Amino acid sequence: MPITIPHINIMQNPPIQADLHVVAVETLPKGHVLLRLTSPEGSLPDIRPGQFVEVRVEGSPRTFLRRPISVNFVDRDHNELWLLVHIVGDGTRTLGRLKEGSKLDCIFPLGQGFWMPMDKALPQEKRILLVGGGVGTAPLLYYGHELRKAGAEVAFLLGGRTKDDILQRNLFEHYGEVHLTTEDGSAGVRGFVTHHPALKDKWTRIATCGPKPMMWAVAHEALKRGIECELSLENLMACGLGACLCCVEKTRRGNLCVCKEGPVFNAKELIID
Amino acid sequence: MPITIPHINIMQNPPIQADLHVVAVETLPKGHVLLRLTSPEGSLPDIRPGQFVEVRVEGSPRTFLRRPISVNFVDRDHNELWLLVHIVGDGTRTLGRLKEGSKLDCIFPLGQGFWMPMDKALPQEKRILLVGGGVGTAPLLYYGHELRKAGAEVAFLLGGRTKDDILQRNLFEHYGEVHLTTEDGSAGVRGFVTHHPALKDKWTRIATCGPKPMMWAVAHEALKRGIECELSLENLMACGLGACLCCVEKTRRGNLCVCKEGPVFNAKELIID
Amino acid sequence: MANINVKIGGLDLQNPVMTASGTFGYGLEYANLMDIRRLGGIIVKGTTLTPREGNDYPRMAETASGMLNCVGLQNKGADYFCKHIYPELDAFFHFEKRDIEPQPAIIVNVSGSSPEDYAACASRIDTLPGIPAIELNISCPNVHDGGMAFGTNAKAAASVVSSVRAAYHKTLIVKLSPNVTDITEIARAAEAEGADAVSLINTLMGTSIDIERRRFRLSIGTGGLSGPSVKPVALRMVYQTARAVNIPVIGLGGICCTEDAIEFLMAGAQAIQIGTANFVDPKVSEKIADGINDWLDAHHIADISDIVGSVE
Amino acid sequence: MANINVKIGGLDLQNPVMTASGTFGYGLEYANLMDIRRLGGIIVKGTTLTPREGNDYPRMAETASGMLNCVGLQNKGADYFCKHIYPELDAFFHFEKRDIEPQPAIIVNVSGSSPEDYAACASRIDTLPGIPAIELNISCPNVHDGGMAFGTNAKAAASVVSSVRAAYHKTLIVKLSPNVTDITEIARAAEAEGADAVSLINTLMGTSIDIERRRFRLSIGTGGLSGPSVKPVALRMVYQTARAVNIPVIGLGGICCTEDAIEFLMAGAQAIQIGTANFVDPKVSEKIADGINDWLDAHHIADISDIVGSVE
């Protein structure tokens, strides 16, 4: 039985450590790979949108610690957990070189995920915008899926440097309208997500994940207009369990662990300058 | 043009650094692999029997330094360099996992090899015994080949724990008679190489490579009988070039580098107790 | 089954494996991932008399075979620990059953900014019946007031230990800094003032620079290095210290596997702590506790004390 | 092409990359594997007044991201160097052409067991016109007499530096030990006695145990740790020292690539040394010399001095 202790262990779906198996490694544009993992020993545990996985990476002295990677999608039909990885250093490079059939030591699910409606009878007026930039779009796919399943009306606003930087566009389209911005204008509106008129639409809630300046701008807009807004942060972290206190974010409640009290925070909690 | 300087750089065939390509990785018994490497950029350089290769091993924080591995064979017809590796730790494990087509950063040839006759008109009385134990048999294959090519009469005395521990027996047979000892008696004479009557035959020269106690015993026997004897040592080393002075062996000329003044030493030079 | 019980001062540990302060939270964070009841001890995170916010983010940087941190003793203070954390630990472990069922010793790591401050915090912890020991942190490299300043000078170390010894009546472990010319001098000072044991090493002070931004990777510039990279230094200091003092030495610094732990025991440590390795494999401390037992059995050694300090 | 010339005392280096003593022999050992003429400097191996056999084998052990060594200053003595090695270096580099064609500064690392001994060795080297500098090793952890004993105490360091300064008339670099509570204190002592520069860090003292044999992996028990594992400590000490003295600081400790070298420059080093990395990639020092130039060009920085000490 999971162990939950109010002052210390606030996770409602506590983590497990498991060797997941690599089902496929799909190469995506601009140095991204999609790792599709499965649990050979039965169903994947309850995983909430916005939660993340601490992945053990072996193969280089420069990749001593685990890598936190957000859950991109959970395909219950195929018992698959998807991780979308941007190859930027030794650790992610090693992940990109995994082969079908290899094992990956994962601790998951970790952290507090995005807001979810309490029951499926969601009032029709719940219109939710998910705003992502770069590889920060990753957790929004699963979140969109779960919101849609819960009866919400979802739209996505995805930004990238160029058209190719916007990943999984076709998958996002299954769950709602997709608005795009690119810095070079190769798709959607030219500029940043904050330049897109869709951001100004009537939303009851906004969630965002991506580069901090983008999230801060989106949160600023939402707070100004009184819209509930959540942000998913990706501070550098070590343990992933709230033990080492390395990944803290300054909040109105003091320094909180992004790994345990986050990665998703309500904009009102954060100190957005 | 190679740079040779009497007091510092005594190598007659100076080393190069090259990325060799893996032609094949053959699995041999008892945790051994044979790596067959080739040089994609032309002929392999002059390599003498008893010389070794410093191999770069990446993939683990515990394998920071290169691994010195003796030359098992040089197949000039196929431009192949063979390394026989006993998988005993992280570094050798990584080598054992190499795939056909992968690259291996090698510095070679290194060190002073075994004695070779100065010209091919070798007097008929030159009878040479090569004594190896365990993976120490590796350099004797190439040495046997080169001696035979030079017209010497060669025999091998190979020892192992069991029959399976004696590697490449069929290849040794191309170059001379093969005598065996095994600790369990599963092949050849039961016991150590020093128990084999062949050791007592009339030899004009003996060369040995393997565990130090075995080599010391062989050298002791040879010295007693006034037979020229060479030993190939495998002290722990770092640079492989005579720069760091980590791999020294106490000799009658003081502390000498196994990597540069060795790995092959005349028994008379060593302090054999 | 070899005997792997060890005694450190008044502590009777079911095995020599403890988790290091600051790397294992209050232990309960790991309860879903391993059986924390099987540990020899859990050193809970650094506690100060009054709450501390710690240093700004970023607080960590990965390094070759290790990491730097500059957390800076973020904690909610001794009162909060006593009122809120301690009862949760008690609810989990049932301290009252300590004599009848095996459980880890829960040890509080205590920090401060003056001898009085350390003593006041220690005396708060002294009131908790389930806490049989404290580890006095005179070696934190990440705070300006106190911490390492007390651990790099024998006189200052003596004054803190003396002050805490007067206020604290159970087992007193003093955690030493490796950032010194002669760690045995500090160890002897702690011993002379009544420490029951010393633990070493705390982190080595280091830094890392983000060259693109021309800024330190840590908010306060420097931090403490831990992980396998420091193991050779830690092992040397444990060896030196074990020969210099008559109180038990608890060894830590980069221990990642059973073989590492055995090295520390052979160097003279009577017990060991697992720190940074917990981040890589949360089960590692339990594995090492089992591993030590298996290693002793495989080598036909009946009692762990037979290998302590056995290196030649 | 950025300007990567640097001046250290009387030395005018074509680039800031030198090879560290004991890791590059006399340089010529590497001549077949790279163009050693392109280095900023080569610090040849530790030389003492009289020949030394060094310590027994084994002298090294691999560690996580590093290695331990206890070579112990094996060398044939200052006379042999002057009579046999120096002429070979001269034959290769043609020291008389130093002013007209770029070549590395050949620097001799000098060790001893007493201030007089150091001074006598230094004054032998002083007679060699092709050697523009010496590096005084007061930090070797692997010899009983002298070495690190001089580098862990400011007074002892001052006495050696003062004695050598009186006997040696060219550029005097003092190599510092990291095995101290405050390296800046030793650096200031060296500066006060007339050192032209300090280089740091020498190795961190450590050990490793073969648990199956219950013996140390090194013949003398302990050795010096080097390699990427020590880089965070080295970088911190370089930063501290560069702010504490007015003479140039030469940084070393685990540098393996261009980015590592830039970190040391930003921390305040005017030049850097490559040590253990030479064993892994013999071409690494040449690659880093090129890499620094390329990095500066890519960042539109005209002169290396613009980044020295630039970290905030």
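Would you check if there is a residue in segment B:210-219 being at pLDDT below 95, within 14 Å of another protein chain (Cβ to nearest Cβ) and more than 19 Å from residue B:142 (Cα to Cα)? Taking every residue of segment B:210-219 in turn, at least one turns out to be at pLDDT below 95, within 14 Å of another protein chain (Cβ to nearest Cβ) and more than 19 Å from residue B:142 (Cα to Cα). State whether one or more residues within segment D:171-183 are more than 22 Å from residue B:247 (Cβ to Cβ), small (Gly, Ala, Ser) and either in contact with a Ser or Thr (Cβ under 6 Å, 6 or more places away or on another chain) or more than 7 Å from chain C (Cβ to nearest Cβ) (or both). Within segment D:171-183 (the criterion being more than 22 Å from residue B:247 (Cβ to Cβ), small (Gly, Ala, Ser) and either in contact with a Ser or Thr (Cβ under 6 Å, 6 or more places away or on another chain) or more than 7 Å from chain C (Cβ to nearest Cβ) (or both)), the answer is yes, since at least one residue qualifies. In the same structural domain as residue B:131 (by TED's automatic domain parsing), of a type in the set (Asp, Glu) and more than 25 Å from residue B:85 (Cα to Cα), is that true of residue B:221? When the stated conditions are applied, residue B:221 passes them.
Have a look at D:162, D:111, D:123 and point out the one that is touching a Ser or Thr at 6+ places or on another chain (Cβ under 9 Å) and under 27 Å from residue D:13 (Cα atoms).
D:111
Residues considered: A:256, A:241. Of these, the only one that is part of a strand (DSSP E or B) and buried (at least 20 other Cβ atoms within 10 Å of the Cβ) is A:256.
Would you call residue A:42 on the phi > 0 side of the Ramachandran plot and either without any contact (Cβ under 8 Å) to a residue 60 or more places away in the chain or not in a loop (DSSP other than H, G, I, E, B) (or both)? Yes: the conditions hold for residue A:42. Among the residues making up segment B:202-232, those that are within 15 Å of residue B:115 (Cβ to Cβ) and either of a type in the set (A, V, I, L, M) or without any contact (Cβ under 8 Å) to a residue 24 or more places away in the chain (or both) are B:206, B:207, B:219, B:222, B:227, B:231.
I'm trying to understand the selection: among the residues of segment C:77-95, which are at the interface with chain A (Cβ under 9 Å from one of its Cβ atoms) and without any contact (Cβ under 8 Å) to a residue 60 or more places away in the chain? Listed by number, the residues that qualify are C:80, C:84, C:85, C:87, C:91.
Evaluation of residue B:69 against the conditions (1) touching a residue at least 12 places away in the same chain (Cβ under 8 Å); (2) surrounded by 21 or more Cβ atoms within 10 Å (Cβ to Cβ); (3) at negative phi; (4) not in a strand (DSSP E or B) shows that the sole unmet condition is (4).
Looking only at segment C:280-312, residues that are modelled with pLDDT under 95 and polar (S, T, N, Q) come to 0 in all.
Screening segment A:72-101 for residues that are in a loop (DSSP other than H, G, I, E, B) and of a type in the set (D, E, K, R) and picking the one that is farthest from residue C:228 (Cα to Cα) gives A:100. Residues in segment C:52-76 that are touching a strand residue (DSSP E or B) at 6+ places or on another chain (Cβ under 7 Å) and either farther than 14 Å from residue C:279 by Cβ or within 14 Å of chain D (Cβ to nearest Cβ) (or both): 15 in all. More than 18 Å from residue B:72 (Cβ to Cβ) and modelled with pLDDT under 95, is that true of residue B:179? It is false that residue B:179 is more than 18 Å from residue B:72 (Cβ to Cβ) and modelled with pLDDT under 95. The residues of segment B:17-46 that are in contact with a Phe, Trp or Tyr (Cβ under 7 Å, 6 or more places away or on another chain) and over 22 Å from residue B:160 (Cα atoms) amount to a single one, B:36. Mind counting the residues in segment B:37-62 that are away from chain A (no Cβ under 14 Å), within 26 Å of residue A:94 (Cα to Cα) and not hydrophobic (A, V, I, L, M, F, W, C)? Summing the residues that are away from chain A (no Cβ under 14 Å), within 26 Å of residue A:94 (Cα to Cα) and not hydrophobic (A, V, I, L, M, F, W, C) in segment B:37-62 gives 1. Tell me yes or no: at least one residue of segment D:208-229 is aliphatic (A, V, I, L, M) and part of a helix (DSSP H, G or I). So far as segment D:208-229 goes, no, none of its residues is aliphatic (A, V, I, L, M) and part of a helix (DSSP H, G or I).
Criterion first (closer than 30 Å to residue B:16 by Cβ and not in a strand (DSSP E or B)) does residue D:116 satisfy it? Judged against the criteria, residue D:116 is not a match. Filtered by the rule that a residue be crowded, with 24+ Cβ neighbours inside 10 Å and either assigned to a loop (DSSP other than H, G, I, E, B) or over 18 Å from the mean Cα position of the chain (by Cα) (or both), segment D:38-54 gives D:39, D:40, D:48. Of the strands (runs of 3 or more DSSP E) lying entirely inside segment B:121-232, those carrying at least 1 residues that are more than 28 Å from residue B:33 (Cα to Cα) are B:127-133, B:153-160, B:205-209, B:228-232. Among the conditions (1) more than 9 Å from chain D (Cβ to nearest Cβ); (2) of a type in the set (S, T, N, Q); (3) crowded, with 24+ Cβ neighbours inside 10 Å, residue C:207 misses just one, which is (1).
Let's see how each residue does on (1) hydrophobic (A, V, I, L, M, F, W, C); (2) away from chain C (no Cβ under 14 Å); (3) touching a residue at least 12 places away in the same chain (Cβ under 8 Å):
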position: D:253; (1), (2), (3): no, no, yes
position: D:264; (1), (2), (3): yes, no, yes
position: D:271; (1), (2), (3): yes, yes, yes
position: D:283; (1), (2), (3): no, yes, yes
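In segment B:100-114 there is no residue matching the filter, namely being farther than 19 Å from residue B:239 by Cβ, touching a Gly at 6+ places or on another chain (Cβ under 9 Å) and either modelled with pLDDT under 90 or surrounded by fewer than 19 Cβ atoms within 10 Å (Cβ to Cβ) (or both). Which members of segment D:121-146 meet the condition of being in a helix (DSSP H, G or I) and under 18 Å from residue D:194 (Cβ atoms)? Listed by number, the residues that qualify are D:121, D:122, D:123, D:125, D:126. Could you please let me know if residue B:33 is crowded, with 18+ Cβ neighbours inside 10 Å and more than 14 Å from chain A (Cβ to nearest Cβ)? Here the answer is yes, as residue B:33 does meet what is asked. When C:298, C:302, C:277 are screened for being aliphatic (A, V, I, L, M), touching a strand residue (DSSP E or B) at 6+ places or on another chain (Cβ under 9 Å) and on the phi < 0 side of the Ramachandran plot, only C:302 passes.
Let's see how each residue does on (1) in contact with a helix residue (DSSP H, G or I) (Cβ under 6 Å, 6 or more places away or on another chain); (2) closer than 15 Å to residue C:107 by Cβ; (3) without any contact (Cβ under 8 Å) to a residue 12 or more places away in the chain; (4) not hydrophobic (A, V, I, L, M, F, W, C):
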{"site": "C:2", "(1), (2), (3), (4)": "yes, no, no, no"}
{"site": "C:9", "(1), (2), (3), (4)": "no, yes, no, yes"}
{"site": "C:16", "(1), (2), (3), (4)": "no, yes, no, yes"}
{"site": "C:21", "(1), (2), (3), (4)": "no, yes, no, yes"}
{"site": "C:32", "(1), (2), (3), (4)": "no, no, yes, yes"}
{"site": "C:37", "(1), (2), (3), (4)": "no, no, no, yes"}
{"site": "C:40", "(1), (2), (3), (4)": "no, yes, no, yes"}
{"site": "C:50", "(1), (2), (3), (4)": "yes, no, no, yes"}
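The C-beta contact set for segment B:1-29 (first residue within 19 Å of residue B:264 (Cα to Cα) and facing chain D (nearest Cβ under 7 Å), second residue at pLDDT below 95 and part of a strand (DSSP E or B), distance under 8 angstrom, 6+ apart or interchain) is empty.
Taken over segment A:243-273, the residue count meeting the criterion of being touching a residue at least 40 places away in the same chain (Cβ under 8 Å) and either among the small types (Gly, Ala, Ser) or within 11 Å of chain C (Cβ to nearest Cβ) (or both) is 5.
The values are calculated or read from the model by the stated rules, or taken from the named source; none is laboratory data. This one's a predicted model, so the numbers in the text were calculated from it and none came from an experiment. A quick note on method: Cβ atoms are made from the backbone with ideal geometry, for glycine too, and the neighbour counts reach across all protein chains shown.
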